[in-house]
Structure formats: C-alpha cells, structure tokens
Amino acid sequence: MSDKTDWVVGVLGGLGPEATLDFMAKLLERTTALTGASTDQEHLHLLVDCNPKVPNRNRAVAGTGPSPAPDLAAMARRLDVAGADLLVMACNTAHHWEADIRAATDLPFLSILDATLEALRRQAPDARTVGVLATEGTRAARLYETALERAGYRPVGFDDAAQARFMELLYRIKAGERGADIRAAMRSLAEGLAEQGADAIVAGCTEVPLVLGADDLSLPFIDSSLALADLTVRIAKRLQPLPAFTDNKKPTGNAA
C-alpha cells in the first residue's frame, strides 16, 4: 500500500529510454534536496511505463509517420489502472499530444512546458529572449514558441542548418554516444542561440541534458527534465498545490 501522505506518480516514459532514466534520477535527487529524504520509504512511489515502441514523434508531427496518440493514451490508462494519482511525461515533443493524454484519464497531468516556464521565471528572472534547444517536431508544433510568447518572452531557435545538426546529434545521443565532440557541438548550438540575443537557454529536449549542463554555458540554462522533476516532487510530496494548468483535476487513485 502506498504512503497516503504522498501521491503516486505515473511516468509516461521510453521516449527515449535513457532520458526516462535521467528523469527518474532527478526525481530521486530533488526528493532528497527538497525533503531531506534519507530512507527508502521517504522517496516517491513511481509507476513507470517505459515504452520505446511509441511511434517517432518528429515524423508524426511532420506527417510522415503514424501518430503516437493511441499509444500515449493507452499508457496513461495503464498507469491510471495501476494506481497512479497523477501523470507526467519525460518527453517534450510528445506534449503535442497532451490533449489526448488528458482525455484518456481523469488524472491530473503535469506539463513539462509549464514546469519549464516556472523554472525559467525562478532561474532567469530578468530574461526576455529565450533560446530553445528542441527537436524539429517540437519546433514544427511551436510548443515552446507558443508557451514562451504567451508568457511575454521572445523565443529564438535554430536556422535550418543548425536544426539538422541538432537532429543528427540527438540521434547519436539516443544511440548512446557521449563523446567530447558531441558535447562541444551541443554547446556550440546553444552558444549560437546566445549570439541571436538569447539571455537564457532552455533544453527543450530531454536528451540535451545528457550532454550539456549549466556549467557548460555562461548564461542561465533551464533543464526541462529537471524542471519537471522538481515540480513533480513538490506536487507529489504536497509541498505546493496542484497548478492551474492541470485543469484542476484531483488525484483519484491511492491518495488520501
């Protein structure tokens, strides 16, 4: 039986697998940092559907591949039935189908986009122009552009050549490469956004933090995976109320 002082977190993962493991590690770290957890029992109960078989999100946005919506909705329902109280998803591009996930269950869903904006406001309060390291699917869907513009920021992104370079790096990262050349190339792409006027950088892809971190850049770096982990711990541990962007749904699973 779960600890009823916490909410059980359902994670839609596998998009890709290593980014999901990185997100889970960040949940562990943030739980310790925020609560001082020192025993197994003080950490969160996670239900993780790590499903790498979900169709390619970038191809789906481009109209050249099948939609992942049915798979994502099925994952949400499985997590609901398994006892999750709230849902999160460790993938930015897949948030293009956020409405399908929300419609699949009555559970609250914590958006990585909104979590990242909250972190941006905290970490870079003076930022006005924000560079976004994101996949071609995330950019084509204008996920961060829309969110940032609504919040009063000016987003900047890649030109076609830089976007192609980013996608090449992304698939090499997904294949397990972590060499100095990949790290340097990702840092160079971030610096290119700074040259366009960005005064903060958002890692709008959960693979980016596998090769790039805050210490690599001279301007604020917002890790979307870490932002979601931080918010998830705060909500699941009841350190803050559910944000408005959850549509005010209430956990319906094992929570008291």
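The values are calculated or read from the model by the stated rules, or taken from the named source; none is laboratory data. Remember, predicted model here, so these are calculated numbers, not experimental data. Methodologically, a virtual Cβ is constructed for each residue, glycine included, from the backbone with ideal geometry; neighbour enumeration extends over all protein chains shown. Remember, those area values only see protein heavy atoms, side chains included, never the ligands or the DNA or RNA. Shrake-Rupley method; radii C 1.70, N 1.55, O 1.52, S 1.80 Å.
Need the full-extension length gain, Lys53 to Ala82, defined as separation in residues times 0.36 nm minus the C-alpha distance. One decimal, nm.
My answer for the length gained is 8.5 nm.
Pop out the carbon and sulfur fraction of the accessible area of region 1-152 as a percent, whole number, probe 1.4 Å.
51 percent
Using amide H atoms built 1.01 Å from N in the peptide plane, name the residues 5+ places from Asp85, or on other chains, whose amide H lies under 5 Å from its own.
Val8, Val9, Gly10, Asn254
State the label only: which of [x] 1.02; [y] 1.57; [z] 0.97 corresponds to Cα Rg over 2.2 N^0.38 Å computed from the shown model?
Answer by label: [z].
Skip the ligands, DNA and RNA, and give the accessible area per residue of the chain with a 1.4 Å probe, whole Å². The partial results should precede the final answer.
Details: 10880 Å² over 256 residues.
With the other protein chains kept in place, the chain gives 43 Å² per residue.
When only the heavy atoms of the protein chains count and the probe is 1.4 Å, how do Asp114, Asp6 rank by accessible area, highest first?
The residues order as Asp114, Asp6, largest area first.
Quick one: helix 160-174 against the long Cα principal axis of the chain, what's the angle to the nearest 10°, folded into 0 to 90?
Between the helix axis and the principal axis of the chain, the angle is about 50 degrees.
Go ahead and collect, in residue order, the members of region 73-110 whose backbone nitrogen is under 15 Å from a label point 7 Å along the Cα-Cβ direction of Arg238.
The answer is 85-86.
Please find, in a Gaussian network model of the chain (springs between Cα atoms separated by less than 10 Å), the residue of Val61, Val233, Val81 whose mean-square fluctuation is greatest.
Val81
Between Ala236, Ala185, Ala175, which gets the highest mean-square fluctuation from a Gaussian network model of the chain, Cα cutoff 10 Å?
Result for the chain, Cα springs under 10 Å: Ala175 fluctuates most.
Under the 0.36 nm per residue contour assumption, what length would be gained going from the current alpha-carbon distance of Met167 and Thr5 to full extension? Could you put the intermediate results ahead of the total?
Numbers: separation 162, 0.36 × 162 = 58.32 nm, distance 4.19 nm.
The span from Met167 to Thr5 would gain 54.1 nm if fully extended.
Modelled label-to-label distance, Leu219 and Arg128, 7 Å Cα→beta-carbon offset: nm?
1.3 nm
Please determine, in degrees from 0 to 90 and to the nearest 10, the orientation of helix 224-236 with respect to the longest principal axis defined by the Cα atoms of the chain, where the helix direction is its Cα long axis.
It works out to around 20 degrees.
Label-point separation (nm) for Ala180 and Glu18, each offset 7 Å from Cα along Cα-to-Cβ?
1.9 nm
What's the tally of Lys pairs in the chain whose alpha-carbon atoms lie under 29 angstrom apart, where the two lysines are 8 or more places apart or on different chains?
13
Going highest first, how would you order 46-53, 26-33 by mean Cβ packing within 10 Å?
Put in order of decreasing packing, that is 26-33, 46-53.
By how many degrees, 0 to 90 and rounded to 10, does the Cα axis of helix 180-195 deviate from the longest principal axis of the chain?
Taking Cα atoms only, the helix is inclined about 80 degrees.
Hey, what number do you get for the chain at 222 nm if only DSSP H runs of n ≥ 4 count, each worth -39500 (n - 2.57), divided across all residues, to the nearest 500?
Values: 10 runs with 115 residues, N = 256.
Calculated mean residue ellipticity at 222 nm is -14000 deg cm²/dmol.
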